[in-house]
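Participant: Quick one: the structure is below, questions incoming.
The values are calculated or read from the model by the stated rules, or taken from the named source; none is laboratory data. Please read these numbers as outputs of a predicted model, since none were measured by experiment. We place every Cβ from the backbone using ideal geometry, glycine too, and count neighbours over all the protein chains shown. Quick note on the areas: whole protein, heavy atoms, side chains included, nothing else; ligands and nucleic acids left out. Shrake-Rupley method; radii C 1.70, N 1.55, O 1.52, S 1.80 Å.
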Amino acid sequence: EMLNLARKKMGSISKISDLLLGDIEFLPFRNGSFNLLLCISTLHYFSSPYAALMEFSRVLKKGGIFIYADVTIHEMDTEGFMDKLEKAISAAHGGYHRPSEVRSLMEKCGVGVAKIKTILYRKSYESLIEDKAKYFNIEPQTLQEFLRRATRKQSALYKIEENTMTLFYTIISGLKKE
């Protein structure tokens, strides 16, 4: 069903693209098949980010480019506030990482990190509900109650205000080691 939905959303581009169903831990490609791999806003879905990154590394050619981008946890968030927030409003989300954790995972998987950039952006609570919570029938009050329980440190890290908070989106590029 998801492949059909993707084809519909792709429109005419779907005619020049191949969509395949596969398992992230067992990609249906030979070793060193790709010059470039993108992992965009998906690592937090994988039950084993390490296994997924190892598989990406396996199918990436030596010297190939790997680009990761996803919502990340603030480096100073030692209590996992962002993960708890996501789990409170979305059954499918969670498993977010700090940029330093992703860098370490990539290095362990044979991808040398070349550049890391974290982008801060303001997100309205209305948008958080629209993006995630409505799919799981989570009421806006659930988010509001969760945010009211934030500690001073958490409120400061994520700049929690009446209707918005700051989130972090990190982009990491690297090269498959020789």
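Participant: How big is the convex hull of the Cα atoms of segment 1-98, per residue, in Å³?
Facilitator: 130
Participant: Restricting to bridges with both residues inside the chain, how much of the DSSP beta-bridge set is antiparallel, in percent to the nearest 5?
Facilitator: That works out to approximately 75 percent antiparallel.
Participant: Let me ask something additional. How far is helix 99-108 tilted, in degrees, relative to the longest principal axis of the Cα atoms in the chain, given as a value from 0 to 90 rounded to the nearest 10?
Facilitator: Value to nearest ten degrees: 20.
Participant: Taking Cα centroids, how far is segment 117-163 from segment 49-89 in Å?
Facilitator: That distance is 20 Å.
Participant: Filter the cross-link list 8/132; 84/132; 8/134 down to pairs whose alpha-carbon distance in this structure exceeds 18 Å.
Facilitator: Going by Cα-Cα distance, 8/132; 8/134 fall outside the 18 Å limit.
Participant: Moving to a separate point now. Once every DSSP H run of n ≥ 4 in the chain is given -39500 (n - 2.57) and the sum is divided by its residues, what mean residue ellipticity at 222 nm do you get, rounded to the nearest 500 deg cm²/dmol?
Facilitator: So the helix-based figure for the chain works out to -9500 deg cm²/dmol.
Participant: Next question. For segment 33-128, what does the accessible surface come to per residue with a 1.4 Å probe? Please give it in Å².
Facilitator: Per-residue value: 46 Å².
Participant: Would you mind checking the tilt of helix 49-59 against the longest principal axis of the Cα atoms of the chain, expressed as 0 to 90 degrees and rounded to 10?
Facilitator: Once rounded, the angle reads 20 degrees.
Participant: Another question about this same structure. Got a number for carbon plus sulfur as a percent of the chain's accessible area, 1.4 Å probe?
Facilitator: 56
Participant: So which lysines can residue 177 reach, going by Cα to Cα under 26 Å and dropping same-chain residues fewer than 8 places off?
Facilitator: Output for residue 177: 61, 62, 108, 115, 117.
Participant: Highest mean first, how do 166-177, 27-38 rank when packing is the count of other Cβ atoms within 10 Å averaged over residues?
Facilitator: Result, highest mean Cβ count within 10 Å first: 166-177, 27-38.
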